[in-house]
Amino acid sequence: GTVLYYSYALLREGREVARSPETSVALDQVPGAVAAATRLLPNVPNPFNDATRIGFSLDRVGRVQIDVYNILGQRIRRLMDDILSPGAYQVSWDGRDQTGRPTASGVYFCALSASGTTLVRKMVFLK
């Protein structure tokens, strides 16, 4: 199956001063198997300062939209809008808005919409 590996880094003035042990999150992907439910996994790393990976799984074929919203509920970036088969997937967000401009440090929300379901996770972007 697919496994995401991550660790957290503590930065001071742009320099890494400490790092957590590496941790992993399994995406539960088995060849030929279908996910039991549509899931949105926590982004890794979180908090992040460069880019973060967002894992998700689908239990049926359908249109999938993944959007990033700011604390005011404004959509700032669409990461995916596609028809996907059941299985495990991953997208990345680089902390930039739809026009490519860097966003401010703060709390953002990732929303996965698929097959009539919307799942949301909180993400923290630190520069």
Students often check this: by mean Cβ neighbours within 10 Å, which of 102-110, 37-45 ranks highest, and how do the rest follow? 37-45, 102-110
Interchain or sequence-distant (5+) residues whose placed amide H lies within less than 5 Å of the amide H of Asn49 are Leu126
Taking θ = phi - 60°, what integer Hz values does the Karplus form 6.51 cos²θ - 1.76 cosθ + 1.60 yield along region 94-104, in sequence order, with x for Gly and Pro? 9, x, 10, 7, 4, 8, x, 7, x, 8, 6
Counting only residues 5 or more places away or on other chains, whose amide H sits under 5 Å from the amide H of Met123 once H atoms are built in the peptide plane? Tyr108, Phe109, Cys110
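Any read-out appearing in this document is the output of simple, stated calculations on the displayed coordinates, not a laboratory observation. Bear in mind the structure is a predicted one, so any value in this text is a computation, not a measurement. Methodologically, a virtual Cβ is constructed for each residue, glycine included, from the backbone with ideal geometry; neighbour enumeration extends over all protein chains shown.
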